[in-house]
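Working notes for the structure below.
The values are calculated or read from the model by the stated rules, or taken from the named source; none is laboratory data. All values reported here derive from a predicted model rather than from experimental measurement. Backbone-built Cβ (ideal geometry, glycine too); neighbour counts: all protein chains shown.
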Amino acid sequence: MPCWADLALAGDTDAVTAFYGAVLGWTFTDDGAAEHHEAVALAGERRVAGLGAPDGSPPGWTLYLGVEDAADVAERLEEAGGMLLHGPDDDGCGGLVVVALDAGGATVGLWESDAPGAAPAWVEAASADPGLTKTFYGTVLGLTHEPTDEPGTTTLHRDGPALGAVVFAGDALPHWLVHFGVSDVDDAVAAAGSSGGLVLEGPGEGLGGRRTVLADPSGARFAVITRT
């Protein structure tokens, strides 16, 4: 279900790509990149993320969830309390992409593709109203939810183990926090610090595993996680 992430680049592109290379071991190519991407990130041979965004976009990550029919989802998401921002648009590879605000106010991408990228390891929706967010994704995408020991927090499921969670945003703006998998969170923290990044939270145990929240040199927030 989570199948891709886009990074809106700002500032020194070389510093940002060097940062993700150090922290996540990614390499980069412009082969097959979409029109608005400067590069595609690779983990080994797997395509995992796009770097680049329309002019004027603030630095940040956008999560994409896989869907079977982007046009149908684009119609139904507004009935469920979301807002269509653009799309369905041709992704340049035979698929369709939609970008929307969900009912909790977070930006999310929805991608219909026969060849989606590798999924982020874990995702969390920080919502101004977790109840609305849960209902939205249940109605539009058929996701189910399970309660946790943390008040206001539920895990997200699609016919199997948890793929993420919905949490209360508190004073933060609604957003999806994308988590990328690493073998050692502490090594990732050390690499981030020596490559111009910041540690914003952790390391510590979370719902999906041991994680820490980082900011890259442009200020874009994301997390790294070792799943348990």
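Of everything in segment 143-168, what is out of contact with any Asp or Glu (no Cβ under 9 Å at 6 or more places or on another chain) and of a type in the set (A, V, I, L, M, F, W, C)? Give them in sequence order.
Passing the criteria: 143, 163.
Of all the residues that make up segment 127-156, how many are out of contact with any helix residue (DSSP H, G or I) (no Cβ under 9 Å at 6 or more places or on another chain), crowded, with 16+ Cβ neighbours inside 10 Å and under 21 Å from residue 225 (Cα atoms)? Don't jump to the end; show me each part of the working.
Step one: of segment 127-156, the residues out of contact with any helix residue (DSSP H, G or I) (no Cβ under 9 Å at 6 or more places or on another chain) are 128-135, 137-138, 142, 146-151, 155.
In the following step, the residues that additionally are crowded, with 16+ Cβ neighbours inside 10 Å were identified as 128-130, 132-135, 137, 155.
Within this subset, residues satisfying the condition of being under 21 Å from residue 225 (Cα atoms) are 155.
Final tally of qualifying residues: 1.
Mind listing whichever residues of segment 27-56 are loosely packed, with under 14 Cβ neighbours inside 10 Å, farther than 14 Å from residue 17 by Cβ, at pLDDT 75 or above and charged (D, E, K, R)?
45, 46
Need pairs with beta-carbon distance below 8 Å; first residue farther than 14 Å from residue 103 by Cα and within segment 63-85, second of a type in the set (Ser, Thr, Tyr) and surrounded by 13 or more Cβ atoms within 10 Å (Cβ to Cβ); sequence gap 6+ or separate chains.
Listed pairs, sorted by first residue: 66/113.
Among what's in segment 107-125 and is without any contact (Cβ under 8 Å) to a residue 60 or more places away in the chain and over 20 Å from residue 154 (Cβ atoms), pick the residue that is nearest to the chain's Cα centre (by Cα).
110
If we only count strands (runs of 3 or more DSSP E) wholly inside segment 107-221, which ones have 1 or more residues that are touching a Cys at 6+ places or on another chain (Cβ under 9 Å)? Walk me through it before giving the result.
Details: elements: 107-112, 122-127, 144-147, 154-157, 162-168, 175-181, 198-205, 209-215.
Here the list reads 107-112.
Would you confirm whether or not segment 149-164 contains a residue that is at pLDDT below 95, on the phi > 0 side of the Ramachandran plot and touching a strand residue (DSSP E or B) at 6+ places or on another chain (Cβ under 6 Å)?
yes
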